[in-house]
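A.B. asks: One structure is given below, represented as structure tokens, and several questions about it will come after.
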Amino acid sequence: MAASVAAGQPEPAPPYPPSPPPPPSHVQRPLPPRPYYPPPPVLAAPPPLSPLTQVIYAPFYAAGLVVRYGFYYLIVAPIEVFSRTVAYGARGGVEPPPPPPGDKT
């Protein structure tokens, strides 16, 4: 009877195949050296303008200063001050210190 029970069961599965060998260790090759680029040449300062050219350029230089700083002090600065006043209040968000205890003012 044991023979008939053993004959009815399927054969056991074959064992797993052996695991593959580990891959060879990866050796990091050193990076090639970075190329050396020489620094750019230092350029000499240009010669100063002649007095005649300075006289010709002067009104344009003055007009540029007036436009630059006039725009800032007439338009930008008042807007910055107003925005800070709106954000922090007229006192700037800083409360005055309390009076000393003996002061009766």
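Values quoted throughout were computed directly from the atomic coordinates according to the rules given, and no laboratory measurement underlies them. Because the structure is a prediction, the values reported are computed rather than measured. Here Cβ is always computed from backbone atoms with ideal geometry, including for glycine, and neighbour counts include all displayed protein chains.
A.B. asks: Could you tell me which of rounded, prolate or oblate describes the range 48-93, using a ≥ b ≥ c as the square roots of the eigenvalues of the alpha-carbon gyration tensor, with rounded for a/c under 1.5 and, failing that, prolate when a/b is larger than b/c and oblate otherwise? The partial results should precede the final answer.
C.D. replies: Values: a/c = 7.96, a/b = 4.79, b/c = 1.66.
Prolate is the answer for the range 48-93, as a/c is 1.5 or above and a/b outweighs b/c.
A.B. asks: Could you list log10 I(q)/I(0) for the chain at q = 0.09, 0.10, 0.11, 0.14 Å⁻¹, which the Debye formula gives when each Cα is one point scatterer?
C.D. replies: -0.80, -0.86, -0.90, -0.98
A.B. asks: Given the options PRO46, PRO59, PRO15, which has the most mean-square fluctuation in a GNM of the chain, springs set between C-alpha atoms less than 10 angstrom apart?
C.D. replies: Between PRO46, PRO59, PRO15, it is PRO15 that shows the largest mean-square fluctuation.
A.B. asks: Sum -39500 (n - 2.57) across every DSSP H segment of at least 4 residues in the chain, then divide by the residue count to get the 222 nm mean residue ellipticity, nearest 500.
C.D. replies: Helix contribution divided over all residues of the chain: -12000 deg cm²/dmol.
A.B. asks: Note the angle between two axes, namely the Cα long axis of helix 51-71 and the longest principal axis of the Cα atoms of the chain, as a number of degrees from 0 to 90, rounded to the nearest 10.
C.D. replies: 70
A.B. asks: How large is the charge dipole for the chain, taken about the Cα centre, if only the Cβ atoms of Lys, Arg (+1) and Asp, Glu (-1) carry charge, to the nearest 20 debye? Let's see the in-between values first.
C.D. replies: Details: 6 positive and 4 negative charges, 78 e Å.
The calculated dipole for the chain is roughly 380 debye.
A.B. asks: Pairing the Cα long axis of helix 77-88 with the longest principal axis of the chain, what angle in degrees results, from 0 to 90 and rounded to the nearest 10?
C.D. replies: 60
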